[in-house]
2 protein chains.
Amino acid sequence: MATNTVSHVVPSPAEDAAALLKAFQGWGTDEQAVIAILARRDATQRKQIVLTYEQMYNESLLQRLQSELSGDFERAMCHWILDPDERQAVMANAAMKCIQEDYQVIIEIACTNSPSELIAVKKAYHVLYKCSLEEDVAACTTGNLRSLLLALVSTYRYDGKDVNMGLAKSEAKIVHEAVRNGTIDHEELIRIVGTRSKAQLKATFSCFKDEHSSSITKALHATDPTCYLRALRTTVRCIADPNKYFAKVLRNATREAGTDEDTLTRVVVMHAEKDMKGICGAFQKRSSVTLEQVIAKETSGDYRNFLMALLGS
Amino acid sequence: MATNTVSHVVPSPAEDAAALLKAFQGWGTDEQAVIAILARRDATQRKQIVLTYEQMYNESLLQRLQSELSGDFERAMCHWILDPDERQAVMANAAMKCIQEDYQVIIEIACTNSPSELIAVKKAYHVLYKCSLEEDVAACTTGNLRSLLLALVSTYRYDGKDVNMGLAKSEAKIVHEAVRNGTIDHEELIRIVGTRSKAQLKATFSCFKDEHSSSITKALHATDPTCYLRALRTTVRCIADPNKYFAKVLRNATREAGTDEDTLTRVVVMHAEKDMKGICGAFQKRSSVTLEQVIAKETSGDYRNFLMALLGS
């Protein structure tokens, strides 16, 4: 479930566009007004506002926001006003500029969207970049990391609940054979995580745990952590429990040692109107504080206000 | 363009269903009536007839056709009345029972549909088999054949006309390096044919030919023809020129030494209402006779009449 709240009575896109222009004009920008409008509109309404603003004032709202706002607040707001599929395409493309660090963005998009949502992201990617997500992922990677990421972004998984328990058992055994002694049979591992349905994979992961009293992620952790193996663990965690996975990403991003604003923005902006409630629940379960409390402490100013608004505070 | 002709004045689905029942009743089946009705309806009309027949007579039209008709005619008609996406899903599934012989069916479906048509086939596959085409392809293959087929069925290619000539040249060089001396770098070859857009691949194949005065298929032919290499050649031919490819499939299927009715049926039924005119043109270009003349000579009875109707004769 979403955390951001959409206003009950929504002004027309023309009224919103006029209010935004007013917020931009005069001495300094009225950031509070910008947040009050845009954080409380759903994706369809934001799209209408972007179109109407351009028609009315003959300038791009995105570009105006870029010139009016700054820092983390600007980056978060500029991601927020994009169409959700387009936003993910943009984030995937940016992640490929530094794939060894940002591979997890690709995995999150490939593994936490439904199969039809992933197709929509890939369609948006075609329109924006005149090529496929697949060919760009393949071009920026090599070896096992390429095989894994390419399989994840390519596959159109079965989305049903049906589970074959015999298959889960036999594939848990294949996975175990593959990871023990650190001599990993990558091809089989990638085939399994890259083609099976999420319901089937969850059953396989459970069988592995029942049989070996340890999760696959722990077994993978024991081996030498190459970038590929870290990516494989991320994949398993994204599929096994996305809420728990994102809660941990947020915990790492908000450590006292230093906040990782890009990651914080990515998770909150991408999930606020989708499944953020579950992520907040998973966060609180493992921490003694709520995500709102942590964000209030670790961030400041308009950026904090905007994230809070997206979290429904 | 299609070859089959749809009647200008089409009776209602109920009238067609009643006419079909009449054709089934009495002494023997009136096959000519069945052909006259079903061969001259488009996919949407046939779907309506199937639904209406079941509602009116409380029996499946497919099952009734199976009991009324026989041999190659029955198989062709039973494929014809399926929804086109469902039909391809059924054909892909059947091909996997004997993948070493029938891999080309998977390649044809993966490479001659548009990216969005391929997604529709994969959706139909989910509904029919409660799993993905990807996982079934992966389960019935191994090694390089698996990598190739899995890449082809998974990928959601960019469908635009944009071509990067620099990339075409550099990838033609990679392909050449990969195939020369028979020591093929499969990973790079599969990445290229499995991810690039068809327009881009055609440019790469052209660069290869310009540079080396020989096509990629000929270069691949020179090496030891494993099943994987034959599949790779089929892939290149399907992408480079589908009409020419299918024309050759039809020539092989209608040799005087013995007709391969399953292949003949597959190509005619799958392409009659799509791109059969182009295939017939390519057939005639390389043969001294038309496809209709060959089919008239090599087949007989209701099967011949039905194929002829689908070819618009």
## Note on the structure
Order by accessible surface, 1.4 Å probe, largest leading, for residues B:105, A:127 comes to A:127, B:105
### chain B, helix-only ellipticity at 222 nm - DSSP H runs n ≥ 4, -39,500 (n - 2.57), divided by all residues, nearest 500
-22000 deg cm²/dmol
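DSSP loop (so not H, G, I, E, B), at most 15 other Cβ within 10 Å: list which GluC sites (Glu not before Pro) in the range A:183-278 pass both filters.
Working: sites: A:187, A:188, A:211, A:256, A:261, A:273; in loops: A:256, A:273.
Passing both the DSSP loop test and the Cβ count: A:256.
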### Query
Shortest first and in nm to one decimal, what separations exist between residue B:57 and its copies in the other chains, measuring from label points 7 Å along the Cα-to-beta-carbon line?
6.7
### Nearest-10 value in Å² for the accessible area of residue B:96, using the 1.4 Å probe
20 Å²
### Query
Ordering B:158, A:125, B:129 by how much accessible area each has at a 1.4 Å probe, largest first, what is the list?
B:129, B:158, A:125
### Query
What residue of chain A sits with its beta carbon nearest the rotation axis taking A to B, and at what distance in whole Å?
A:154, 2
## Note on the structure
With the charge dipole of the protein assembly as shown built from beta-carbon charges (+1 for Lys and Arg, -1 for Asp and Glu) about the Cα centre, the Cα from B:172, B:294, B:124 projecting farthest to the positive end belongs to B:172
### Task
Give the relative contact order (percent, whole number) for the range A:243-310; include only Cα pairs under 8 Å separated by 6+ residues.
35 percent
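Cβ under 13 Å from residue B:140's Cβ, residue B:140 left aside: what net charge do those residues give with Lys, Arg +1 and Asp, Glu -1? Write out the running numbers ahead of the final one.
Values: positive: A:191, B:97, B:146; negative: B:101, B:102, B:134, B:135, B:136.
Taking every Cβ under 13 Å from that of residue B:140, the sum is -2.
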## Note on the structure
Output for the range A:90-135: trypsin sites (Lys or Arg not before Pro) sitting in coil per DSSP, at most 16 other Cβ within 10 Å, listed by number, reads A:130
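How big is the C-alpha Rg of chain A next to the rule-of-thumb value 2.2 N^0.38 Å, as a ratio? Before the final figure, lay out the partial values.
Working: Rg = 21.0 Å, N = 313, 2.2 N^0.38 = 19.5 Å.
This ratio for chain A stands at 1.08.
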### Query
Quick one: if you stick a label point 7 Å off each Cα along the C-beta vector at residue B:170 and residue B:218, how many nm between them?
2.8 nm
### Message
So if I place +1 on the C-beta of Lys and Arg and -1 on the C-beta of Asp and Glu, and nothing else carries charge, what would the dipole magnitude of the protein assembly as shown be about its Cα centre? I want it in debye, nearest 20.
### Response
660 debye
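How far, in nm, would the chain grow between residue A:142 and residue A:241 when pulled straight, counting 0.36 nm per residue and subtracting the alpha carbon separation? Mind showing how you got there, number by number?
Values: separation 99, 0.36 × 99 = 35.64 nm, distance 2.77 nm.
The residue A:142-residue A:241 span can extend by a further 32.9 nm.
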### Message
With +1 assigned to the C-beta of every Lys and Arg and -1 to the C-beta of every Asp and Glu, and no other charges, what is the dipole magnitude of chain B about the Cα centre in debye, to the nearest 20?
### Response
980 debye
### Query
How far is residue A:169 from itself in the other copies, in nm, if each label sits 7 Å out from Cα along the Cα-Cβ line, shortest first?
6.0
### Positive-end residue, the protein assembly as shown charge dipole about Cα centroid, Cβ charges, pick of A:228, B:10, A:305
A:228
#### Entry: Lone cysteines, chain B (no partner Cβ under 4.7 Å)
B:78, B:98, B:131, B:140, B:207, B:227, B:280
### Query
How far apart, in nm, are two points set 7 Å out from the Cα along the Cα-to-Cβ line at residue A:51 and at residue A:227?
4.0 nm
### Label point 7 Å beyond Cα along the C-beta direction, distances from residue A:129 to other copies (nm, shortest first)
3.0
### Query
Under the Karplus relation 6.51 cos²θ - 1.76 cosθ + 1.60, θ = phi - 60°, what is the ordered set of whole-Hz ³J(HN,Hα) values for the range B:58-66, x standing for Gly and Pro?
6, 9, 7, 5, 4, 5, 5, 4, 4
### Message
How shielded is A:125-134 by partner chains, expressed as the average number of their Cβ atoms within 10 Å of its Cβ atoms?
### Response
5
### Summary
Other residues with Cβ under 11 Å from the Cβ of residue B:65 give, with Lys and Arg +1 and Asp and Glu -1, a net charge of -2
## Note on the structure
Sorting B:66, B:33, B:49 by the position of each Cα along the dipole of the range B:13-69 (Lys, Arg +1; Asp, Glu -1; all at Cβ), the one nearest the positive end of that ordering is B:49
### Message
Below 13 angstrom from the Cβ of residue A:2, what's the summed charge of the other residues (Lys, Arg +1; Asp, Glu -1)?
### Response
+1
### Query
What does the accessible area of residue A:103 come to, in Å² to the nearest 10, when a probe of 1.4 Å is used?
20 Å²
## Note on the structure
If one builds a Gaussian network model of chain B from Cα atoms under 10 Å apart, the most fluctuating residue listed among B:204, B:290, B:112 is B:290
### Task
Express the relative contact order of chain B as a whole percentage, based on alpha carbon pairs under 8 Å and six or more residues apart in sequence.
21 percent
### Query
Taking only the alpha-carbon positions of the protein assembly as shown and ignoring solvent, what does the Debye formula give for the base-10 log of I(q)/I(0) at q = 0.06, 0.09 Å⁻¹?
-0.42, -0.87
### Message
Just to verify a number: FRET efficiency for residue B:185 and residue B:117, C-beta to C-beta distance, R0 = 22 Å, to 0.05?
### Response
0.10
### Query
Roughly speaking, to the nearest percent, how much of chain B's 1.4 Å accessible area is carbon and sulfur?
50 percent
### Summary
Answer in debye to the nearest 20: the dipole magnitude of the range B:84-154 about its Cα centre, from +1 Lys/Arg and -1 Asp/Glu charges placed on Cβ, is 120 debye
### Query
What number, in percent, do you get for the relative contact order of the range B:13-69 if the mean sequence gap of Cα pairs under 8 Å and at least 6 apart is divided by its residue count?
41 percent
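Quick one: ranking B:90, B:175 by accessible area, 1.4 Å probe, largest first, what do you get? Kindly include the intermediate steps, with their values, before the conclusion.
Values: B:90 40, B:175 10 Å².
Of B:90, B:175, the descending order of accessible area is B:90, B:175.
The values are calculated or read from the model by the stated rules, or taken from the named source; none is laboratory data. Keep in mind that what you see is a predicted model, and the values were worked out from it rather than measured. Quick reminder, even Gly has a Cβ in these numbers, built from the backbone with ideal geometry, and neighbours come from all protein chains shown. Surface accessibility is based on the protein's heavy atoms, side chains included, excluding ligands, DNA and RNA. Shrake-Rupley method; radii C 1.70, N 1.55, O 1.52, S 1.80 Å.
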